[in-house]
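What follows is a short report on a single structure.
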Amino acid sequence: MPRSNVRNTPYRMKLTGSRSAKLSVKSLVSILDLNEADIDLLLRRADAPSPHGSLQGKQVALLFYENSTRTYNSFQTAVHQLNGTVCGFSGVEGTSVLKGESLHDTIKMFENYADLIVLRHPNDGAARWAADISSVPVINAGDGQNEHPTQTLLDLFAIKKTQGRLDNLKVALVGDLKYGRTVRSLSQALSLYPGNTLYLVNPPFLPLPEPLKQWLREKGVKIEERGSLEEVMSLADICYVTRIQKERMSGVDEFLRVEDSYRLTRRHLTGVKANLKVLHPLPRVKEIAVEVDSTPYAHYFAQARGGVQVRRALLELIAGRGD
Amino acid sequence: MLLDLLELKGHRAGLLLGQSSHRLGKKDILIVAEYELSELAEQKLAILAPDSTLNFVEQGKVVRKKRPQLPKLLKELVLCVNPQCITRVEEVPPKIRSGEPRTGEFQCYYCQHNFSGQEVQFV
């Protein structure tokens, strides 16, 4: 049986802007480490054919203190596509971490083995600390509730792919805007581009943090707080839905009371713009009804498909052998 | 607490409360003899009392006045208040970015958690 064409079809898109071939940073810890030219370069490179051999003879340490399916496997696949090798762990079972080894010592060990470290860690700020002490570049694959910049890059990749631009967009952010690190990073990234409007649709107890709202406004992002999905769906170019995590609720009853109010269904998709795309960092639980999957607006699985491309581009630009 | 924070122990000091002030209406005055304010103590003062003025007195005359200064990056002075921050679970020297002292805004260099001057805990 032939392999699915859809799965094997990479994103192809036209990007404009700087053609610089180097990133301005050695490591990637926060999406704000990157400037507009860096993001343009990364998205352009992600859309280009894979340069086999770019990591030939190089080793990448994947240090995942928390289990991860998508991020771990997409990084691993990306390294293999570039002919590199991987070492490290996914989950701390059987590692020296369980014996009490500090992050500092683990980083100092693995910098001897690898040309690049990809780190996922449960504590906020762990990636910045690792990047500061490591002699090799560090890519943040998620640090606690703080940042997940490679997820943001693939979110931007999907937005650019579907809308043709990253500026002058109307983006609805839906769900847990307080603890969701993807929302924080995406909103910050969109602030690099002029004319963007964010519609915030969240339960009252999960708002976007006030300092972040203030910061975004200072950067020129227009922010409108809306009470329901109905108010924003006809306006939005992008509807970015996030999972509301029950474990963050002070009471499960509180969550159950509001759950359906932030659940996207087919009913919300009447009268929307033709170019609307629904994105989600995945995994999805109940916040997007399965009936939405078959509409032309659902783009979350295609969005995830860009994960390998974006991470491959990042690995290549940070640790690769160049053109 | 103030004695410790400003390293006043062992110095002769006096406190005048509720003095009139053109700028603030009322002010308290702390007088310390033969005392040199360390950089660290000055930074703590800038956090605790951003509106304060330091008067340097020699032979009974004020020879210099200044506001306590706070650098943009505070190293090993203030703890991050986020219990999930890497600096609270591992031996990481805390680094905190300071905003405008009067608005009392601080941000952890590592985890980017924002907090106010009222929440500040010194190392």
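When region B:45-88 is filtered for residues that are outside any loop (DSSP other than H, G, I, E, B), within 14 Å of chain A (Cβ to nearest Cβ) and free of Cβ contacts under 8 Å to residues at least 12 places away in the same chain, only B:Arg88 remains. Report yes if some residue within region A:56-71 is among the polar types (S, T, N, Q), within 15 Å of A:Ile318 (Cα to Cα) and touching a residue at least 12 places away in the same chain (Cβ under 8 Å); otherwise report no. Checking region A:56-71: at least one residue is among the polar types (S, T, N, Q), within 15 Å of A:Ile318 (Cα to Cα) and touching a residue at least 12 places away in the same chain (Cβ under 8 Å). Taking the listed residues A:Val97, A:Val136, the one that is farther than 14 Å from A:Leu28 by Cα and either in contact (Cβ under 8 Å) with a residue 12 or more places away in the chain or among the small types (Gly, Ala, Ser) (or both) is A:Val97, with no other qualifying. Just one of A:Leu264, A:Leu208, A:Leu186 is touching a Lys or Arg at 6+ places or on another chain (Cβ under 9 Å), in the same structural domain as A:Asp155 (by TED's automatic domain parsing) and either surrounded by fewer than 16 Cβ atoms within 10 Å (Cβ to Cβ) or modelled with pLDDT of 90 or more (or both); which is it? Step by step, each of A:Leu264, A:Leu208, A:Leu186 is checked, and only A:Leu208 is touching a Lys or Arg at 6+ places or on another chain (Cβ under 9 Å), in the same structural domain as A:Asp155 (by TED's automatic domain parsing) and either surrounded by fewer than 16 Cβ atoms within 10 Å (Cβ to Cβ) or modelled with pLDDT of 90 or more (or both).
Of all the numbered requirements in (1) within 18 Å of the chain's Cα centre (by Cα); (2) of a type in the set (Asp, Glu); (3) away from chain B (no Cβ under 14 Å), A:Glu224 misses one, and that requirement is (1). Taking residues in region A:76-92 that are closer than 22 Å to A:Ser50 by Cβ, and partners anywhere that are aromatic (Phe, Trp, Tyr), the pairs with Cβ atoms closer than 6 Å and at least 6 places apart or on different chains are A:Cys87/A:Tyr113.
One residue stands out in region B:89-117 among those that are touching a Cys at 6+ places or on another chain (Cβ under 7 Å) and at the interface with chain A (Cβ under 9 Å from one of its Cβ atoms): the one that is surrounded by the fewest Cβ atoms within 10 Å (Cβ to Cβ), namely B:His113. Residues that are touching a residue at least 12 places away in the same chain (Cβ under 8 Å) and under 22 Å from the mean Cα position of the chain (by Cα) were ranked within region A:290-300; the one that is farthest from A:Ala78 (Cα to Cα) is A:Val292.
Determine, yes or no, whether B:Glu91 is more than 30 Å from A:Gly100 (Cα to Cα) and assigned to a loop (DSSP other than H, G, I, E, B). Outline the logic, then answer.
Numbers: more than 30 Å from A:Gly100 (Cα to Cα): no; assigned to a loop (DSSP other than H, G, I, E, B): yes.
Taking the combined requirement at face value, the residue does not satisfy it.
The requirement of being assigned to a strand (DSSP E or B) and either within 14 Å of chain B (Cβ to nearest Cβ) or under 17 Å from the mean Cα position of the chain (by Cα) (or both) is not satisfied by A:Tyr199. Selection over region B:14-51 of residues that are small (Gly, Ala, Ser) and in contact with a Leu (Cβ under 6 Å, 6 or more places away or on another chain) gives a count of 2.
The values are calculated or read from the model by the stated rules, or taken from the named source; none is laboratory data. A quick note: this is a predicted structure, and the numbers were derived from the prediction, not measured. Glycine also receives a Cβ, built like all others from the backbone with ideal geometry; neighbour counts cover every protein chain displayed.
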